[in-house]
Amino acid sequence: MEHPSAVAETLDHIRGRAPLVHNIINYVAMDVAANALLAVGASPVMAHALDEMRDFVAIAGALTVNIGTLSPPWVEAMLVATAAAGELGKPWALDPVGVGATPYRTTVARELAARRPTVIRGNASEILVLAGDAATSTKGVDSTRGVDEARDAARALAANARCTVAVTGAVDYVTDGTTAFTVANGHPMMTKVTALGCTATALIGACLAVGTAPAPAAAHALAILGVCGEIAARGAEGPGSFRMRLIDALHQIDGNTLRRTARVHSAA
Amino acid sequence: MEHPSAVAETLDHIRGRAPLVHNIINYVAMDVAANALLAVGASPVMAHALDEMRDFVAIAGALTVNIGTLSPPWVEAMLVATAAAGELGKPWALDPVGVGATPYRTTVARELAARRPTVIRGNASEILVLAGDAATSTKGVDSTRGVDEARDAARALAANARCTVAVTGAVDYVTDGTTAFTVANGHPMMTKVTALGCTATALIGACLAVGTAPAPAAAHALAILGVCGEIAARGAEGPGSFRMRLIDALHQIDGNTLRRTARVHSAA
Amino acid sequence: MEHPSAVAETLDHIRGRAPLVHNIINYVAMDVAANALLAVGASPVMAHALDEMRDFVAIAGALTVNIGTLSPPWVEAMLVATAAAGELGKPWALDPVGVGATPYRTTVARELAARRPTVIRGNASEILVLAGDAATSTKGVDSTRGVDEARDAARALAANARCTVAVTGAVDYVTDGTTAFTVANGHPMMTKVTALGCTATALIGACLAVGTAPAPAAAHALAILGVCGEIAARGAEGPGSFRMRLIDALHQIDGNTLRRTARVHSAA
């Protein structure tokens, strides 16, 4: 099957099954990520209480773990939830927001990355730091590096962590160490709305939850979000209207549009 | 007074008094619920610190308690706040988000429901679980059951908890065990925006805060939100623009429109 | 340099340098404040973990501290972060949301105000309470007093706390005890969107982060937000579309528009 058709098929599965996606996600991203998941057809739940982590992982199709506004009780919940995901065979995606910006963040992100996430999604700086590049630091939560600079690091991280790694930026790069994709969708305005990287990870959770294999799941989520970003940018007057139109587009997007506009390609 | 006129009168009271509504509410719902309360004319406060719970309840016209993203420190605040509401005679509304999804959530929701809330609002699954229906489980935070299936449970819960119970869905059902209403306003797009159920509960808080009796307060809040949902849906291109237009509509709505379009009826 | 030109220059600096602004900010405000900072050209980070407070302050251009949804662990983070700001010479802005509404909030706000913030921004009630006016209380988080009633209190607070104080309302007043400004921009609709006061404080952080002196930084941030509020109000149909258009305006605003429309004046 051609890649764009596979993207359309993943969307069909999300729409048909409305999978439950459990997100341990930062405070800034909760609203936009929940609305994006609902708009695309998934069923989001945001929860972090230790006493219900295992229960939510058990009923969810996938888990996403995002360290954007981490603190010790939340990290404890992340560790319990990811352990449960491992035991129960549930796929999970890690978003190491701002890894490299502070030692605490780096320690937590590395501990989570060592727990066999199904997918890790980050910007180029984040992936370089997570792969052990000592020369890279992140400026807060924004990347200071290009995706192409992080390709080798992504492959190394994928091999070491035995997972799929997605580096997002102007053209996204997804690799599981063997198979790789580029996704050439999206719009620069996406960097002007907070938490759209986090939202990408949440959508990867939705694609994993319907059983799409890890590397395609990451590529499909990025293609769906990117195509919707392109649609949203047409007629947007700034990041406020862009965000509103992006949520509209995630609701309206259909398979035919994805087949025509998704730019997912196999890569080295 | 006809029901639609009573709805209009409650709105007038909110606009005229700008009642302070204290919300202990989940992270996902905070933004949209605060904006909805402001738009309709109320004055929202979101606070959860144990050391100020009693003080906020004392100055507020009503309290709302929402367990969407509960954790032990927040539950402790909920218990202190609801105890204060009881002592000070302040009305309060409970939103048992996702009760039934995990044992922790069910335990907390039942403990809160036993503390004499003025109103409990939930979807059909939530009300069935809270009323003790062992055969029902909730899928995350979305309902798997219709409102009509939960009518008996709502009446039983209202009798047991000595409160008003509102079951929201395509046609809402409100009962205090004796008097009952249906509210036939709203739009399917409301299920595609996160936290609009939570927002309904926040608006019930506003209606309680101006002294409307419990069952009418719940029905009026649901009618106001539902009518605004119908207005918002006209011209919305998806859940993003729908949400924006809903907030606009809550600001613009007037008594004449409510008298013409609110579909609140007495029921069995 | 004329004041409006100085406002335009501050905006140019933000756009040119994309300063990192670290915000310890309430849950309700996180989304809109982060989006406002991104739209205007700054780089926001929201973080509150004790273990990374000092590290974030060290890499940020400025810190903002907002007590809207305070709780003990967050207050601890605020104390560590503001101590680090003092040691590292980083400017920081305090937003004493709802001070006066509860004793806990008042105690925490006074403790923070005693730690030499660079700027304190509040509504008239908040500044009156913080300056020690025993006759004022705040109704939740909304002001019950006019800006002009708080001018003396603002000057006294500026002298006592050795900082700049900004009182926001219909016409804002900014004073460092010696130099003062009024800012006559904005629109009444801004009071109908939650957390725009918090957003003003976040924007003050951005202006401080590019090296603008404290009193001008506060005035420029309020002028930028106010002018964008005026632009947003044209064509808005309510607070929902107003908020969207405000974010768009913060992205589109340029120096020429500010030079023509910013109403910043020296005052007594």
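Where a number appears in this text, it was derived from the coordinates with a stated rule and is not lab data. Just so we're clear, the structure is a prediction, and the values are computed from it rather than from any experiment. Positions of Cβ are backbone-derived with ideal geometry, glycine not excepted, and every protein chain shown enters the neighbour counts.
Listed from fewest to most Cβ neighbours within 10 Å, the set C:168, C:102 follows the order C:102, C:168. Largest GNM mean-square fluctuation among A:47, A:93, A:223, using chain A with Cα springs under 10 Å: A:47.
I want the local charge near residue B:131. Using Cβ-Cβ distances under 13 Å, sum +1 for each Lys or Arg and -1 for each Asp or Glu among the other residues. Charge balance in the 13 Å sphere: 0. A Förster radius of 35 Å combined with the Cβ-Cβ distance from residue B:15 to residue A:12 puts the calculated FRET efficiency at roughly 0.15. Using Cα centres only, tell me the gap between segment A:183-205 and segment A:83-125 in whole Å. Distance between centres, Cα-based: 18 Å. What the phi angles of segment B:66-72 give under the Karplus curve with 6.51, -1.76 and 1.60, with θ = phi - 60°, is a coupling list of 10, 9, x, 10, 4, 7, x Hz, glycine and proline written as x. Placing a label point 7 Å from the Cα of residue C:50 along the Cα-to-Cβ direction, none of the residues of segment A:109-133 has a backbone N under 18 Å of that point. A cut-off under 15 angstrom between Cβ atoms defines the neighbours of residue C:84, and their net charge, with Lys, Arg +1 and Asp, Glu -1, is -1. Label-point distances for residue C:259 to the equivalent site in the other copies, using a point 7 angstrom along Cα→C-beta, read 5.5, 5.5 nm when ranked shortest first.
Residue-wise HN-Hα couplings along segment B:96-110, as the Karplus relation 6.51 cos²θ - 1.76 cosθ + 1.60 with θ = phi - 60° gives them from phi, are x, 3, x, 4, x, 6, 9, x, 4, 4, 5, 4, 5, 4, 5 Hz; Gly and Pro carry x. Note on residue A:159/residue C:162: beta-carbon distance plugged into 1/(1 + (r/R0)^6) with R0 of 51 Å gives a FRET efficiency of 0.35. What FRET efficiency would be calculated for the residue pair residue B:59, residue B:110, taking the C-beta separation as r and a Förster radius of 25 Å, to the nearest 0.05? For R0 = 25 Å, the calculated efficiency reads 0.30. Model label sites at residue C:252 and residue C:234, defined 7 Å from Cα along the beta-carbon direction, differ in position by 0.9 nm. Net charge in the neighbourhood of residue B:7 (other residues with Cβ under 12 Å of its Cβ; Lys, Arg +1, Asp, Glu -1) is -1. In percent, rounded to a whole number, the relative contact order of chain A is 23, using alpha-carbon pairs under 8 Å and six or more apart. State, to one decimal in nm, how far the label point of residue B:178 lies from the label point of residue C:88, with both points 7 Å from Cα in the Cβ direction. Label at residue B:178, label at residue C:88, 6.3 nm between them.
Amide H contacts under 5 Å for residue B:267: B:180, B:181, B:182, restricted to partners 5 or more places along the chain or on a different chain, H placed in the peptide plane at 1.01 Å from N.
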